[in-house]
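Visitor: Below is the structure I would like to discuss, written out as structure tokens.
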Amino acid sequence: MTPILIKTIQFFLSLSLLIVLHELGHFIPAKFFKTRVEKFYLFFDVKFSLFKKKIGETVYGIGWLPLGGYVKISGMIDESMDKEQMKQEPKPWEFRSKPAWQRLIIMLGGVTVNFVLAVVIFIGLVFTYGEEYIANDSLKDGIWVTEKSLGDELGVRTGDKILSVDGKKIEALQQILPEMIYGEKYTIERDGQIIEKTIPVDFIETLSEDKEKVRFISYRLPFVINEVPKKSPNADSGLQKGDAVVEMAGIPVEYKDQVTPILEANKGKEVPIKVMREGSLQDLTVSISDDAALGVVLGMTPEEFKQAGYLELKTLKYSFWESIPAGWNKGVKTLTDYIKGMKKIFNPDTGAYKEVGGFAAIGGMFPDTWNWPAFWATTAFISIILAFMNILPIPALDGGHVAFLLYEMVTGRKPSDKFLEYAQMIGFFILIALLLFANGNDLYKWLFK
């Protein structure tokens, strides 16, 4: 299967699972409070259904329009806009006849299930696979900024040690960029000095300009030979697997970032080098190609990295009981970060609104090969997104219904059915506008970027 097909299958599998469980979050408390549920649908059945079957008082079906799903609860003004039913006298089994606290539980059921589902997935992932990360404080000589322009924009350079973002210590190298995307200030150690820096307000927009270079912060790669291919121009130079280059063209070196400018300055030339081999120095001569390459493969195993003191790869293993708070914390952290990201979207100065994406962007989050851990991690993240978006106080979303119910519970006055009908229509148009904007962004990026 092609990568696009694999992503598409994962997208629809994940989306279907999340929609069904979200709607179950409404369906189960509705049935518990003896409220009639007329329809339970995956996707929308505009004009016709791909499948439907009535069981008891509920029609279960699959629509053809994959923009979500719904449960139609009797006596409730929802996306079905069933005005005729609302003109009749309230029946005991209808939503509008139930106490406000019961209606509130029914409406909160979907987002609750979405958040709980994400936490359960995170629990399963950390219990099954643990967490593997590069310890940030183990980096011997700081980070490697692979794209100088992005580093200059942010204010970091190769060799810096990034200590914290917004006062929070960075434990893992992999946390640096995500924390900076959502953060405002960070602290680095440079040449023995502690420096406080401010993250540019438009940093997200700067990153979005070049997706291929977005991961521009990495660990520094020691210039240690892993392989000298037979077709390499230096196959007969005497270089061997395990050689650590410590000097090139008379200049002391240790890392790839130090060697690169020397290679650029000596294209097409032969230069002397010194390598450390089994504790002793060896003098060799190597040829640099016209495209500034030695024709060798670099690399060390995680254990070799650790033994040499360059970095430490840590793996956290959790027992079942330990995985529960770990999964919960991961769910809360994901939701908190997403809220921070949403705040940036509503600040035009950040340019983050340009990164709002629709279905193509969501589908692009899935790996292009079938990978169950990645699939479930992405599904958990999308579940968090659905929980947050659905609780927004926009009419036509769960959050809109919750807002009106809270108003009713506080004031003792229920909004009129006519008001709720108008609010539902306004909310529907707001959602359509948001969908057009998000998917329009996807189309614009596909056509022009």
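Visitor: Would you point out the residue of region 41-80, among those that are assigned to a strand (DSSP E or B) and among the polar types (S, T, N, Q), that is least open to solvent (accessible area, probe 1.4 Å)?
Guide: Thr58
Visitor: Also, quick follow-up: Condition first: buried (at least 16 other Cβ atoms within 10 Å of the Cβ) and within 30 Å of Lys169 (Cβ to Cβ). Can you find one or more residues in region 240-254 that meet it?
Guide: yes
Visitor: Kindly indicate which of Leu335, Leu311 is crowded, with 16+ Cβ neighbours inside 10 Å, closer than 30 Å to Phe381 by Cα and out of contact with any strand residue (DSSP E or B) (no Cβ under 7 Å at 6 or more places or on another chain). Even if it seems obvious, please write down each step before you answer.
Guide: Working: Leu311 fails: out of contact with any strand residue (DSSP E or B) (no Cβ under 7 Å at 6 or more places or on another chain).
Step by step, each of Leu335, Leu311 is checked, and only Leu335 is crowded, with 16+ Cβ neighbours inside 10 Å, closer than 30 Å to Phe381 by Cα and out of contact with any strand residue (DSSP E or B) (no Cβ under 7 Å at 6 or more places or on another chain).
Visitor: Next up: Considering region 365-384 alone, what residues qualify as being under 17 Å from Leu435 (Cα atoms) and either open to solvent by 30 Å² or more (accessible area, probe 1.4 Å) or assigned to a loop (DSSP other than H, G, I, E, B) (or both)?
Guide: The answer is none; no residue qualifies.
Visitor: Hey, another quick one. Any residue in region 1-28 that's in a helix (DSSP H, G or I): show its pairings with residues that are among the acidic types (Asp, Glu) and open to solvent by 60 Å² or more (accessible area, probe 1.4 Å) at Cβ separation under 8 Å, as long as the two are six or more apart or on different chains.
Guide: These pairs meet every condition: Pro3/Asp368; Ile4/Asp368; Ile6/Asp368; Lys7/Asp368.
Visitor: A further question on this structure: Can you work out which of the residues in region 9-40 that are open to solvent by 60 Å² or more (accessible area, probe 1.4 Å) and among the β-branched types (Val, Ile, Thr) is modelled with the lowest pLDDT?
Guide: Taking the candidates together, the pick is Ile9.
Visitor: Picking from Leu284, Leu263, which residue would you name as being free of Cβ contacts under 8 Å to residues at least 60 places away in the same chain, part of a helix (DSSP H, G or I) and open to solvent by less than 50 Å² (accessible area, probe 1.4 Å)?
Guide: So the residue among Leu284, Leu263 that is free of Cβ contacts under 8 Å to residues at least 60 places away in the same chain, part of a helix (DSSP H, G or I) and open to solvent by less than 50 Å² (accessible area, probe 1.4 Å) is Leu263.
Visitor: Working only within region 317-327, note down all residues that are of a type in the set (A, V, I, L, M, F, W, C), in contact with a Phe, Trp or Tyr (Cβ under 8 Å, 6 or more places away or on another chain) and surrounded by 12 or more Cβ atoms within 10 Å (Cβ to Cβ).
Guide: Selection gives Ala326 alone.
The values are calculated or read from the model by the stated rules, or taken from the named source; none is laboratory data. Being a predicted model, the structure only gives us computed values, none of them experimental. For neighbour counting, all protein chains shown are included, and Cβ atoms are generated from backbone atoms with ideal geometry for every residue, glycine included. SASA here: full protein model, heavy atoms, side chains in, ligands and nucleic acids out. Shrake-Rupley method; radii C 1.70, N 1.55, O 1.52, S 1.80 Å.
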